[in-house]
Amino acid sequence: MEFNDVRLQYESLREQIDGAISQVLAGGRYILGQSVQAFEDEFSRYCRAANGIAVGSGTDALTIGLRALGVQAGDEVLVPAVSAAATAMAVVTLGARPIFIDISPDDFNIDAALALDRKSSRTKAIVPVHLYGMPARLKDLGRGGVPLLEDAAQAHGSDASWGRCGSFGIVSAFSFYPTKNLGTYGDGGMVVTSDAEIAERSRLLRNYGQRDNYSSEVFGQNSRLDELHAAILRVKLKKLDEWNRRRRQIAALYRQGFEDLPLGMQAETGTSNYHLFVVTTPERDRLRAHFASLDIPTLVHYPTPLHRQRAFAEFNPARCPHADLLCSRVLSLPIHAYLSNGEVERVIDGVRSFFKR
Ligand SMILES: Cc1ncc(COP(=O)(O)O)c(C=O)c1O
């Protein structure tokens, strides 16, 4: 059993993907060409937003999105205490200060009430993360009047009552890291926004601050999605809804299978794309060892909350007890579109046999 489906996806789409790669190679244009433009149009439409600016990684999408929003050195940006390090690193890269906000113990996303309590005149943005693909409570967060940059790196195709993830905040950041629900064979990301000015600034920032060749209007950087990756992602985008549907089916089977067990599960705030399916238990490490003995792969997302990581020590004094508890108890189970019903049953039986001892 595999934890993710990167290899299996390629096997099932080999012909189309190899064809798309060959076409780019033969075409002679490898940076900011037709494939990138077409993918920007297709993916931003998929997100129900007006503009997509394809960049080098999800981290760059966050950094460029924040810069386009006007975040500068000395500003404060609120981020959840549980996420990938990139969420807070993008803030630090700009010389701004990440303020770690505890998560809600039911949906594991940033606690909106705590975030709004903590905002001040220095707060320039809030970066809610749709953790594991589950929509964060953006409507509540939006009441604070602070611009929201959605970290949608894990939420391609997740939906909530307020719309599709990536369409609500003034700007959003996606990652196409290989294991994401929509991933390429390398790094990639996209800034998604319906705000024309933010779109224009992001376009400048990703390409040396240039609108026209060799004339830099602002201090930018080099962060462009390669044509090769755009061509691959265009093939895969056509399968994303089908893949997400299968992940949701598996999540429903897991929820049903664990219903009567002493296991915590993420509250459903909308329709997750189930990038990850996590359970929580005080016996996490023993459950993980039990899975290892059954040859079932598991991972921990994440073992250490951001406010306890050395890289962010200077920003620490945050107290985030729910984040601490989640990170000590959370376990990610295999979930992907190519998991068979038999494999799903093996996972459920694995959990049930652990609690039967
Ligand atoms: C929530 C979150 N934000 C940001 C990132 C950064 O994306 P990338 O690895 O493409 O830079 C990731 C992926 O690792 C992520 O999961």
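Below is a table of values for the structure above.
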{"read-out": "Only listed residue being free of Cβ contacts under 8 Å to residues at least 60 places away in the same chain and hydrophobic (A, V, I, L, M, F, W, C), chosen from L240, L204, L263", "value": "L204"}
{"read-out": "Test result for T59, crowded, with 21+ Cβ neighbours inside 10 Å, within 14 Å of the ligand (Cβ to nearest atom) and at pLDDT 95 or above", "value": "yes"}
{"read-out": "Unique match (being at pLDDT below 95 and either over 19 Å from the mean Cα position of the chain (by Cα) or buried (at least 19 other Cβ atoms within 10 Å of the Cβ) (or both)) among N273, N316", "value": "N316"}
{"read-out": "For A292: the one exception among (1) part of a helix (DSSP H, G or I); (2) crowded, with 17+ Cβ neighbours inside 10 Å", "value": "(2)"}
{"read-out": "Counted residues, segment 22-81 - those being free of Cβ contacts under 8 Å to residues at least 12 places away in the same chain and either among the hydroxyl-bearing types (S, T, Y) or assigned to a strand (DSSP E or B) (or both)", "value": "1"}
{"read-out": "Residue match in segment 228-249 (condition: in a strand (DSSP E or B) and either touching a Phe, Trp or Tyr at 6+ places or on another chain (Cβ under 8 Å) or buried (at least 22 other Cβ atoms within 10 Å of the Cβ) (or both))", "value": "no"}
{"read-out": "Test: D111 is farther than 21 Å from R201 by Cα, acidic (D, E) and surrounded by 24 or more Cβ atoms within 10 Å (Cβ to Cβ)", "value": "yes"}
{"read-out": "One residue from I17, I53, I31, I64 being closer than 30 Å to V344 by Cα and either crowded, with 23+ Cβ neighbours inside 10 Å or more than 23 Å from the chain's Cα centre (by Cα) (or both)", "value": "I17"}
{"read-out": "Residue check, R329 basic (K, R) and either under 23 Å from D111 (Cα atoms) or assigned by TED's automatic domain parsing to the domain that holds A85 (or both)", "value": "yes"}
{"read-out": "Residue in segment 132-142 that is surrounded by fewer than 24 Cβ atoms within 10 Å (Cβ to Cβ) and among the small types (G, A, S) present", "value": "yes"}
{"read-out": "Of all residues in segment 186-211 being within 16 Å of the ligand (Cβ to nearest atom) and not aliphatic (A, V, I, L, M), the one that is surrounded by the fewest Cβ atoms within 10 Å (Cβ to Cβ)", "value": "G186"}
{"read-out": "Single condition D349 does not satisfy, out of (1) part of a helix (DSSP H, G or I); (2) touching a residue at least 60 places away in the same chain (Cβ under 8 Å)", "value": "(2)"}
{"read-out": "Positions within segment 165-185 being near the ligand (Cβ under 10 Å from one of its atoms), of a type in the set (G, A, S) and part of a loop (DSSP other than H, G, I, E, B), in sequence order", "value": "G183"}
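The values are calculated or read from the model by the stated rules, or taken from the named source; none is laboratory data. No experiment lies behind these values; they were computed from the predicted model shown. Note that each Cβ is placed from the backbone with ideal geometry, even for glycine, and that neighbours are counted across all protein chains shown.
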